[in-house]
Amino acid sequence: MPKNRHAANRFKKSQTLFARAVGLMPGGVSSPVRSFQSVGLSPVFIYSGEGAYLVDVDSNRYIDYVMSYGPLIHGHAHPAIQAALAKQSDRGTSFGCCCEEEVTLATMIAAAMPHVPMVRFVNSGAEAVMSAIRLARGITGRPMIAKIAGGYHGAVDALLVEAGSGATTHGHPSSPGIPEAVTADTLVLPFNEPLEVRHAFQQHGERIAALVLELVMGNIGVVPPAAGYLQELRELCDRHGVLLVADEVMTGFRVARGGAQERLNVRPDITCLGKIIGGGLPVGAFGGRREFMNHISPAGPVYQAGTLSGNPLAMAAGIAALRLLETAEPYQRLESLGQRLQSGLEEVARKAGVALVVQRCGGMITPFFPPAAKGAGAFSVRNYADALRCDTRAFALFFKAMLESGVMIPPSQFEAWFLSLAHTPADIDATIDKAAAALAAVAAARG
Ligand code: HOZ
C-alpha cells in the first residue's frame, strides 16, 4: 500500500477500504486512473454524488471535476436520467434482442452529427475505437494505423503505444504484454505537426488504413489543435485514401452538441463515441456514412458483436442525457463556466507567483504546471513531449491541497477536468479560492 500522507482521521474509512482493496484488486482499483499512487496518496472511496458534488465514505464533500471522466455533463444523479433509468429497469435491463431505445438514440446521434448517419452501439469507448480500426482495415484492405503520441483510445492493444492517460501517469505509455507483431503496424506521430503526417503518408500512405486521433486531445490534459491542423489532416487523408477516425469519446456532445467535428469544422470518416451518449452508464458507439458502416456484420463481413451492446438501460440514460442538450444554451453555459474557471485560475496563479498554463476547450480544462525553469508566458502544451515536461511534483502538491480543501480533480497532470451543467458560478468561485490556497502551498513548498 502506498505511503499515505493524508491527515490522519479525515479519510479513515477510505484508508480501511483501500487496505482491503489492494489485496483484492491490482493497485486496489478497477481502473488505474482512479489510483492516487502518482500523487503519493491513497484514493478516497465515494459514497454518493449529487449535482456538482461528491461525498466520500468518510462524509467529506467535494466539488467534483472528475465527473466520471466526462459522461456526467448534467452532474451526478440528474433527476431526468434517474427517472429514465428507473422506468426502464422496471421493464428489464437486457434482452439480447433489439429495442426501440437503440433506434431512438441512433436517431438523436445522427441528428446532432451529420457525418454519423449510422452507428453500431458497443459497451465502451475503447471497444468503439477497437472496432473502428477493424472496420477501417476491413474497408481499405490496408494494415497500418497511424495514431498520435500521447493519444489514448482505451486499453486497445494496437494503440497502447505512447499512450496518454493512466498509461503515462503510471509510467507505462507502451504496455508490456502486447506482442510486437500487434503494434508493428502502428505508426506514432506528434500532435499539431502536419509536416510529420505529410512525410509519414508520403512514405507509407498506401499501407495506412486510418489516422486515429482525438480532435482535441484530452488524455495528456487538454490540448486543442492549432488553427488549420485538422483541415490539413483531412486533406492528407483524402489524398492518400486514409480514413480519418475521430475519437470523440470525450468531446462528443461535450465541446459542442455535434462534438469537436462541429466546433472545429472537420469531417471524419468514422467517429467514435462514448461517455455522454450513455448518460453515465457503460456505452460506446462508432459510426459514419452508410457505405462504410454497411461493411459491419451482418450487413457486411467485418465482424463485431456484443451481448450487452445497445442495452436498454444505457440507451434510456443516453436518450435522457441528450434530450437535455438539444439547444445551444447548455453549451453557452459550459463555455461561460469554463471561461470563469480558466481566468480565475490564471489570476490566482499570477498572484501566488506560480507559473500555470491553463488550456481549455469548452467544459474541458487542464491547468499545466510548466517545467520549473519556465515561466507561464514562455510555455504551452502543444503535444505529448510538452506535456511530459510538466512539473508533476508541483501538480501532486496542488492535488493534495485541493483534495483536502474539498475539490476533487483527476489525480494526474495528464488528464482533463470536466465541468458539468450542475456547477454554478458560485462553485467555480469557491474552486478558485481553494486553488489560490493550494497554489500558495505549492509556492511555499518550492521555497
Ligand atoms: N479516458 C478516461 C481518462 N483519461 C478513461 C478513464 C479510465 O481509464 O478509467
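Derivation of every value follows stated rules applied to the coordinates shown; laboratory data play no part. These numbers come from a predicted model, not from an experiment. Note that each Cβ is placed from the backbone with ideal geometry, even for glycine, and that neighbours are counted across all protein chains shown.
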A correct Karplus calculation of ³J(HN,Hα) over the stretch 175-186, with 6.51 cos²θ - 1.76 cosθ + 1.60, θ = phi - 60°, whole Hz and x for Gly and Pro, returns 6, x, x, 10, x, 3, 4, 6, 10, 4, 9, 9
In debye to the nearest 20, the charge dipole size for the chain, taken about the Cα centre with +1 at each Lys and Arg Cβ and -1 at each Asp and Glu Cβ, equals 760 debye
Of 401-414, 264-277, 45-58, ordering from highest average Cβ density within 10 Å down gives 264-277, 401-414, 45-58
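For the residues E196, E214, what sequence is obtained by ranking on other C-beta atoms within 10 Å, fewest first?
Sorted ascending by nearby Cβ count, the order is E196, E214.
Would you calculate, for the chain, the mean residue ellipticity at 222 nm contributed by helices, counting each DSSP H stretch of 4 or more residues as -39,500 (n - 2.57) and dividing by all residues, to the nearest 500?
About -11500 deg cm²/dmol.
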The chain: spread of alpha-carbon positions along the three principal axes, whole Å, largest first, is 60, 55, 46
Taking Cα atoms only, Rg over Rh for the stretch 295-373 with Rh from the Kirkwood formula is 1.26
Relative to the chain, whose Cα atoms define the longest principal axis, helix 392-404 and its Cα axis are tilted in degrees, nearest 10, by 70 degrees
The set of residues whose placed amide H lies less than 5 Å from the amide H of G151, leaving out same-chain residues fewer than 5 positions away, is G164
Projected convex hull area of the stretch 267-321, Cα atoms, direction-averaged, in nm², equals 4.3 nm²
Note on the stretch 1-127: contact order normalised by length, alpha-carbon pairs under 8 Å, 6 or more apart, percent, works out to 16 percent
If every Lys and Arg gets +1 and every Asp and Glu gets -1 at its Cβ, then about the Cα centre the stretch 272-359 yields a dipole, in debye to the nearest 20, of 80 debye
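Which shape class applies to the stretch 149-239: rounded if a/c is under 1.5, otherwise prolate when a/b exceeds b/c and oblate if not, where a ≥ b ≥ c are the square roots of the Cα gyration tensor eigenvalues?
Judged from the Cα gyration tensor, the stretch 149-239 comes out oblate (a/c at least 1.5, b/c at or above a/b).
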Diffing the stretch 287-293: the Karplus 3J(HN,Hα) column from phi (6.51, -1.76, 1.60, θ = phi - 60°), in whole Hz with x for Gly and Pro, holds x, x, 6, 4, 4, 7, 5
The alpha-carbon center of the stretch 252-284 and that of the stretch 344-385 are separated, in whole Å, by 26 Å
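What percent does the relative contact order of the chain come to when contacts are Cα pairs within less than 8 Å and at least six residues apart?
Numbers: 894 pairs, mean separation 94.5, N = 447.
Answer for the chain is 21 percent.
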At q = 0.10, 0.12 1/Å the base-10 log of I(q)/I(0) from the Debye formula over the alpha-carbon atoms of the stretch 82-212 is -0.46, -0.63
antiparallel share of DSSP beta bridges within the stretch 243-370, to nearest 5, in %, is 70 percent
Expressed in Å to one decimal, the Kirkwood Rh of the stretch 334-439 from all distinct alpha-carbon pairs is 13.8 Å
At 37 °C and 0.692 mPa s, the Stokes-Einstein diffusion coefficient in µm²/s for the stretch 26-114, with hydrodynamic radius from the Kirkwood sum on alpha carbon pairs, is 203 µm²/s
Computed on Cα atoms, the radius of gyration and Dmax of the stretch 408-447 in angstrom are 12.3, 38
Measuring from the longest principal axis of the C-alpha atoms of the chain, the long axis of helix 312-323 (C-alpha) lies at a number of degrees, nearest 10, equal to 70 degrees
Here the stretch 355-362 yields Karplus 3J(HN,Hα) values (6.51, -1.76, 1.60; θ = phi - 60°; whole Hz; Gly and Pro given as x) of 5, 8, 10, 9, 10, 8, 9, x
